[in-house]
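Only the coordinates and a few stated rules stand behind these numbers; no lab work does. Treat the numbers as computed from the prediction; the structure is a model and nothing was measured. Quick reminder, even Gly has a Cβ in these numbers, built from the backbone with ideal geometry, and neighbours come from all protein chains shown.
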Amino acid sequence: MLVSALSTLVFAGLLFWAVAGSPGWARVQQMFLDPEVALASLPRILEGLLLNLQVLLFAAIGVVIVALVIATLRTLRGPVFFPLRALAAGYTDLFRGVPLLIVLFIVGYGVPGLEFFDRMPAAFWGTIAIILVYSAYVAEVFRAGIEAVHPSQRLAARALGLSHGQTMRRIVLPQAMRNVTPALMNDFVAMQKDVGLISVLGAVDAVRAAQIETAHFFNYTPYVVAGLLFVLLAWPTIRLTDWVSARMRARERAGSIV
Amino acid sequence: MSDRLLELRGIRRSFGDHHVLRGVDLDVDAHEVVALIGASGSGKSTLLRTVNLLEPIDDGIIRLAGDDISDPRVDADGVRARIGAVFQHYNLFPHLRVLENVTLAARLVHRMPRAEADRRGRELLASIGLDGFAGAYPDRLSGGQQQRVAIVRAILTDPQLLLLDEVTSALDPELVGEVLALVRALADGGTTILMATHEMAFAREVADRVVFLDGGVVVEEGPAAQVLADPQEPRTREFLSRLL
């Protein structure tokens with residue numbers, strides 16, 4: 001305890017001495033860590049963060065739904081379902097490969113050009129792009145979880161007379177979800193900061209607000225403020241993920257197999 | 001003939017070049033207990049799974065109480081709801097409590113009101129001395145207790161036929177007895193049972209008839225005492241002698 005505290009102190013001291021002792025430190029401190037600018041820009045950035053939270057909420061719901069559908073399609077058996085399986089596989093391949101930024105540009109600027117829809121705000125298209133990309137990842141997580149459920153479980157459920165749908169809903173998916181909870185939460189943490197990318201479409205979220213404030217004050221501190229806010233946003237989920245993972249490991253160690 | 005419950009005629013099933021079932025004929029009368037014996041890979045499990053339509057057949061006819069259930073137009077879920085089945089292991093659903101496991105099919109498939117299903121479930125759990133575990137998750141139970149719960153789950157909805165596929169073969173030896181005692185009690189109570197088993201002593205004691213399966217066909221069948229004590233076919237003799 002004492003050793004770790006002491007070692008942390010020494011380490012922090014050395015780090016501070018190295019950074020603060022650098023020749024350009026005064027300039028960097030002024031440009032990036034100005035308390036007055038931080039305080040002045042905070043309300044606007046917080047307002048922007050509210051938009052990020054909205055996008056996050058809708059995207060999370062959308063991702064779970066789309067990913068479940070894709071994962072279910074990929075686990076269908078039988079030659080009849082080949083087109084659906086292939087489509088789902090193609091989807092995950094494509095959207096796991098394309099950078100999120102490019103999907104944002106294509107969806108944000110391309111799809112409105114089709115003029116199928118009335119004009120929608122940039123945040124809407126940003127949410128769609130995030131759902132498209134993250135669903136591909138999360139679908140693979142779900143699929144791994146579904147395939148990790150022992151085949152005998154499916155057999156036992158069908159033997160009781162449960163339909164395919166009932167077996168999926170009541171038996172397979174609940175167990176799959178439990179298996180993949182830590183992985184899912186990890187993806188959620190990643191998504192929490194990627195919602196900041198919708199700013200490239202012009203949506204005034206926390207990042208965009210910080211950019212505007214930066215231009216206004218001619219000082220980069222608002223970016224640091226926005227960054228810290230994103231960390232604060234993610235921190236509870238990160239801690240929760242660690243806690244859940246640790247608990248599941250403990251459960252496994254306890255030997256709670258069927 | 002009127003009490004013929006299950007009738008299998010010419011059942012064939014192959015996986016690629018591997019012919020697991022090569023034309024199996026088998027009858028089970030109501031209230032009869034039939035034991036399927038044979039080496040591992042002789043097709044016992046596959047045959048049991050064809051009966052509740054978990055395994056498609058390439059050829060043959062299956063009749064349950066006179067209904068042709070091998071007709072592809074038949075409602076497979078409906079057929080399975082009339083047949084109870086217990087497998088070697090992983091029968092119970094680990095995310096559901098013991099009572100929920102036992103009542104799941106009654107509630108979802110048979111549309112039994114929850115109160116009634118729970119009442120029946122508790123009764124059955126009490127009959128096997130496990131009512132204290134109704135609210136527990138299956139991982140709290142021993143392997144033998146889990147198999148007994150799986151068996152009462154299978155009979156809660158009064159199926160016409162109970163299929164048991166090596167229900168004791170994944171258990172530690174000291175847990176086998178309690179499971180066999182439950183099967184014996186069901187047999188004495190008149191439940192129609194078709195079971196695959198490695199427990200020859202148990203088959204002789206409980207089964208009315210023993211069917212020896214080898215190479216995907218029925219080689220010999222007859223009263224349990226006769227087939228096990230005085231087998232007529234050389235292959236049956238060879239199989240039984242290897243067990244001693």
Practice task
Keeping to segment A:198-223, report how many residues are under 23 Å from A:G126 (Cβ atoms) and either of a type in the set (K, R) or in a helix (DSSP H, G or I) (or both).
Solution key: 16
Fill in the blank from the handout: Reported set for segment B:22-40 where residues are touching a residue at least 12 places away in the same chain (Cβ under 8 Å) and not hydrophobic (A, V, I, L, M, F, W, C) is B:R22, B:G23, B:D25, B:D27, B:D29, B:H31, B:E32, B:G38
Exercise for the section: Might you let me know whether segment B:110-121 holds any residue that is buried (at least 18 other Cβ atoms within 10 Å of the Cβ), among the charged types (D, E, K, R) and touching a Pro at 6+ places or on another chain (Cβ under 9 Å)? Expected result: no
Exercise for the section: Consider A:V141 carefully, then state whether it is more than 13 Å from every other protein chain (Cβ to nearest Cβ), touching a Phe, Trp or Tyr at 6+ places or on another chain (Cβ under 7 Å) and either among the aliphatic types (A, V, I, L, M) or not in a helix (DSSP H, G or I) (or both). Expected result: no
Fill in the blank from the handout: B:L5 meets each of (1) part of a loop (DSSP other than H, G, I, E, B); (2) closer than 30 Å to B:G144 by Cα with one exception, condition (1)
Completion exercise
Among B:I151, B:I193, the single one that is closer than 30 Å to B:H19 by Cβ and out of contact with any Pro (no Cβ under 9 Å at 6 or more places or on another chain) is B:I193
Exercise for the section: Please give the number of the condition B:A39 fails out of (1) closer than 22 Å to B:R153 by Cα; (2) surrounded by fewer than 21 Cβ atoms within 10 Å (Cβ to Cβ); (3) more than 9 Å from chain A (Cβ to nearest Cβ). Expected result: (1)
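Return yes or no: is B:A170 surrounded by fewer than 20 Cβ atoms within 10 Å (Cβ to Cβ) and in contact with a Lys or Arg (Cβ under 9 Å, 6 or more places away or on another chain)?
No: the conditions fail for B:A170.
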Exercise for the section: Kindly provide the set of residues from segment B:84-105 that are surrounded by fewer than 23 Cβ atoms within 10 Å (Cβ to Cβ), aliphatic (A, V, I, L, M) and outside any loop (DSSP other than H, G, I, E, B), ordered by number. Expected result: B:L99
Practice task
Read through the list (1) surrounded by 22 or more Cβ atoms within 10 Å (Cβ to Cβ); (2) free of Cβ contacts under 8 Å to residues at least 40 places away in the same chain, then give the number of the only condition that B:S70 fails.
Solution key: (1)
Exercise for the section: Run down B:A76, B:A81 and say which single residue is more than 22 Å from B:G143 (Cβ to Cβ) and either at the interface with another protein chain (Cβ under 7 Å from one of its Cβ atoms) or not aliphatic (A, V, I, L, M) (or both). Expected result: B:A81
Problem - Test: residue in segment B:109-130 that is of a type in the set (G, A, S), within 11 Å of chain A (Cβ to nearest Cβ), touching a helix residue (DSSP H, G or I) at 6+ places or on another chain (Cβ under 9 Å) and closer than 28 Å to B:V51 by Cβ - result: no
Exercise for the section: Have a look at A:A156, A:A139 and point out the one that is more than 15 Å from the chain's Cα centre (by Cα) and among the hydrophobic types (A, V, I, L, M, F, W, C). Expected result: A:A156
Practice task
Please tell me if B:E174 is farther than 20 Å from B:G144 by Cα and not hydroxyl-bearing (S, T, Y).
Solution key: no
Exercise for the section: Select from segment A:151-178 the residues that are among the hydrophobic types (A, V, I, L, M, F, W, C) and within 7 Å of another protein chain (Cβ to nearest Cβ) and list them in ascending order. Expected result: A:L155, A:A156, A:A159, A:L160, A:L162, A:I171
Practice task
Could you please find all residues in segment A:217-239 being out of contact with any helix residue (DSSP H, G or I) (no Cβ under 7 Å at 6 or more places or on another chain) and either among the basic types (K, R) or in contact (Cβ under 8 Å) with a residue 24 or more places away in the chain (or both)?
Solution key: A:R239
Problem - Single condition B:S45 does not satisfy, out of (1) of a type outside the set (F, W, Y); (2) in contact with a strand residue (DSSP E or B) (Cβ under 7 Å, 6 or more places away or on another chain); (3) facing chain A (nearest Cβ under 10 Å) - result: (3)
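Which residues, taken from segment B:131-161, are of a type in the set (A, V, I, L, M) and either within 11 Å of another protein chain (Cβ to nearest Cβ) or touching an Asp or Glu at 6+ places or on another chain (Cβ under 8 Å) (or both)?
B:L141, B:A150, B:A154, B:L156 - these are the residues of segment B:131-161 that are of a type in the set (A, V, I, L, M) and either within 11 Å of another protein chain (Cβ to nearest Cβ) or touching an Asp or Glu at 6+ places or on another chain (Cβ under 8 Å) (or both).
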Problem - Residue that is farthest from the chain's Cα centre (by Cα) [pool: residues in segment B:14-36 that are over 10 Å from B:V211 (Cβ atoms) and crowded, with 23+ Cβ neighbours inside 10 Å] - result: B:L21
Problem - Residue within segment A:31-45 that is in a helix (DSSP H, G or I), without any contact (Cβ under 8 Å) to a residue 40 or more places away in the chain and over 31 Å from the mean Cα position of the chain (by Cα) present - result: yes
Handout entry: Odd one out for A:L101 among (1) within 30 Å of B:L104 (Cβ to Cβ); (2) among the aliphatic types (A, V, I, L, M); (3) more than 14 Å from chain B (Cβ to nearest Cβ)
Key = (1)
Handout entry: Breaking point among (1) assigned to a helix (DSSP H, G or I); (2) among the small types (G, A, S); (3) under 26 Å from A:S163 (Cα atoms), for B:G144
Key = (3)
Handout entry: Filtered residues of segment B:180-238 (kept if assigned to a loop (DSSP other than H, G, I, E, B) and more than 17 Å from the chain's Cα centre (by Cα))
Key = B:G215, B:G216, B:D230, B:P231, B:Q232, B:E233
